[in-house]
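The values are calculated or read from the model by the stated rules, or taken from the named source; none is laboratory data. Predicted, not measured: the structure shown is a model, and the values here were computed from it. Positions of Cβ are generated from backbone atoms using ideal geometry, with glycine treated the same way; all protein chains shown enter the neighbour counts.
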Amino acid sequence: MNDIRNPFETMMAQARDMAKALNPALETFSPKGFEALWPTMPKEAMEFWFGNTVNKDGLDAKTRLLLTLAGLTMQGAQSDTAVRQTVRHLIEAGARKQEIVETIGQMSVFAGIPAMTRALNLAQEVLDAQEEDET
């Protein structure tokens, strides 16, 4: 009988057992739920802090967020939360679905197809949730 696990699997199993013993609700906990706790900034706040309110000839908040999305895609879209929150903020800043998709698609040339695909999948989660909220 060979029931050897790698150390990470053992550690994760122990953590699950401990969480279940301390609070049974933690057994189904998902870190993705934390995203809902971070509110989407109003467009006016984004323009004030990140837009062209202070620098009249500078970039607006939507453009800055599109650049942020491009950078996150270039990094391989490794931070699910950051990509989804940026897309949420882009929608609030007035970006259309087409602009979001084109920004991610443009990065395929530089970051590769896997990074673009990952970013598109994460963005689609937000866009689908938005469409559900509108209906």
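Structure notes:
This table checks each residue for (1) of a type in the set (S, T, N, Q); (2) under 12 Å from the mean Cα position of the chain (by Cα); (3) at pLDDT 95 or above; (4) under 21 Å from residue 45 (Cβ atoms).
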residue: 99; (1), (2), (3), (4): no, no, yes, yes
residue: 108; (1), (2), (3), (4): yes, no, no, no
residue: 120; (1), (2), (3), (4): no, yes, yes, no
residue: 131; (1), (2), (3), (4): no, no, no, no
residue: 135; (1), (2), (3), (4): yes, no, no, no
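- Pair list, Cβ < 8 Å and 6+ apart or interchain, from the stretch 93-118 residues that are in contact (Cβ under 8 Å) with a residue 12 or more places away in the chain and buried (at least 16 other Cβ atoms within 10 Å of the Cβ) to residues that are of a type in the set (Asp, Glu) and not in a helix (DSSP H, G or I): 93/60
- Look at (1) at pLDDT below 80; (2) assigned to a helix (DSSP H, G or I); (3) surrounded by 13 or more Cβ atoms within 10 Å (Cβ to Cβ) and you find that residue 40 fails only one, number (2).
- Against the numbered list (1) farther than 23 Å from residue 133 by Cβ; (2) small (Gly, Ala, Ser); (3) in a loop (DSSP other than H, G, I, E, B); (4) modelled with pLDDT of 90 or more, residue 71 comes up short only at (3).
- Meets criteria (outside any loop (DSSP other than H, G, I, E, B), modelled with pLDDT of 80 or more and either surrounded by 11 or more Cβ atoms within 10 Å (Cβ to Cβ) or among the hydroxyl-bearing types (Ser, Thr, Tyr) (or both)) for residue 21: no
- Identity of the residue in the stretch 46-68, in a loop (DSSP other than H, G, I, E, B) and among the charged types (D, E, K, R), that ends up modelled with the lowest pLDDT: 56
- Residue 10 vs. criteria in a helix (DSSP H, G or I), modelled with pLDDT of 80 or more, among the hydroxyl-bearing types (Ser, Thr, Tyr) and farther than 24 Å from residue 83 by Cβ: yes
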